[in-house]
Amino acid sequence: MVAAIQNHIGSLNWGYRVALRDKNVKYSNSYGEFIDPHTIKCVNRRGKEDIMTAARFVIATGGRPKYPDIPGYKEYCISSDDLFSLPKPPGKSLVVGASYVALECAGFLAGFGFDTTCMVRSIFLRGFDQQMADKAGDYMAEHGVKFLKKVIPTKVELVEEGPPRKLRVEYKNLVTNEVSSEEFNTVLVAVGRDPCTSGIGLDKAGVKIDEKTGKIPTVYEQTNVPHIYAIGDVLKGKEELTPVAIQAGRLLARRLYGVGRVEVINFTSP
């Protein structure tokens, strides 16, 4: 399965590159960084630098899994990015979080027959309709996912290297303050993602970011610098969903280049 998934991801990446080429879009597999409001420096994997200038820019760097500052998290836990690259079956699994990604991962791990527990600090699917979120949780419980509610992990430690590897997770009940522990083979952390906005020279371009979250405030995807736009998970206060980012990008392109009607995406419920 791992090989099939990696091959599928590779085919998707190749398909995107072909589509870009067919539309005469130059593709540069490089790390980009603003050096002034209209210029970026690109460095590829061989260290070769290239300078590019443009009238407009769109920042769509997405995010990376967030690892809380808890002993053992970075050493022993994985993220959803790692799940389909595991060399061995995950075994007894703990999913920390109740986000869209957390519940999705817990659901298919249980569906594959693995002993799966989901650790929930507060509520399911924060930001979503809570009646529907609770229905999703009830459905998952009926289909084999176990839930530890109102608890937070405090420590992850290696018990046995294995195989299979054994990890002990210590956690605290937020209602009773009772501390408990349980052993798992795999611990997957899905408590959100940090935006990839640091180290790309936004300060040199004059783009403001929220100091607390690192996200970019925008109005209709436009930053405080009129010719620089942003879409996707880097946006402050917007939905972190792939279909939303895709639609926002489409509408932005139409607005900027006069294709079809002038439309904006509505991030609020009617």
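Results, tabulated for the structure shown:
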| item | result |
| --- | --- |
| Out of THR223, THR218, THR242, sole residue that is among the polar types (S, T, N, Q), surrounded by 15 or more Cβ atoms within 10 Å (Cβ to Cβ), farther than 30 Å from GLY162 by Cα and without any contact (Cβ under 8 Å) to a residue 24 or more places away in the chain | THR218 |
| Criterion violated by LEU125 - all others in (1) within 15 Å of the chain's Cα centre (by Cα); (2) at negative phi; (3) open to solvent by 20 Å² or more (accessible area, probe 1.4 Å); (4) of a type in the set (A, V, I, L, M, F, W, C) satisfied | (2) |
| Residue tally, condition out of contact with any helix residue (DSSP H, G or I) (no Cβ under 8 Å at 6 or more places or on another chain), under 21 Å from LEU109 (Cβ atoms), open to solvent by 80 Å² or more (accessible area, probe 1.4 Å) and not acidic (Asp, Glu), over the stretch 141-163 | 3 |
| Count - residues of the stretch 208-245 that are of a type in the set (Val, Ile, Thr), in contact with a helix residue (DSSP H, G or I) (Cβ under 9 Å, 6 or more places away or on another chain) and not in a loop (DSSP other than H, G, I, E, B) | 4 |
| Count of residues meeting criterion [outside any helix (DSSP H, G or I), at pLDDT 95 or above and of a type outside the set (Ser, Thr, Tyr)] in the stretch 71-81 | 4 |
| Residue identified as hydroxyl-bearing (Ser, Thr, Tyr) and open to solvent by 60 Å² or more (accessible area, probe 1.4 Å) among SER99, SER11, SER93, SER28 | SER11 |
| Condition check for VAL169: out of contact with any Ser or Thr (no Cβ under 8 Å at 6 or more places or on another chain), modelled with pLDDT of 95 or more, open to solvent by less than 80 Å² (accessible area, probe 1.4 Å) and under 22 Å from ASP69 (Cα atoms) | no |
| Single residue of the stretch 117-139 satisfying the filter (in a helix (DSSP H, G or I) and not hydrophobic (A, V, I, L, M, F, W, C)) that is farthest from THR186 (Cα to Cα) | GLN131 |
| Identity of the residue in the stretch 245-270, touching a residue at least 60 places away in the same chain (Cβ under 8 Å) and among the aliphatic types (A, V, I, L, M), that ends up least open to solvent (accessible area, probe 1.4 Å) | LEU252 |
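The values are calculated or read from the model by the stated rules, or taken from the named source; none is laboratory data. In this text, all values refer to a predicted model and were calculated from it rather than measured experimentally. Neighbour counts are summed over all protein chains in view; Cβ atoms, including those assigned to glycine, are modelled from backbone coordinates with ideal geometry. Only protein heavy atoms, including side chains, enter the accessible area calculation; ligands, DNA and RNA are left aside. Shrake-Rupley method; radii C 1.70, N 1.55, O 1.52, S 1.80 Å.
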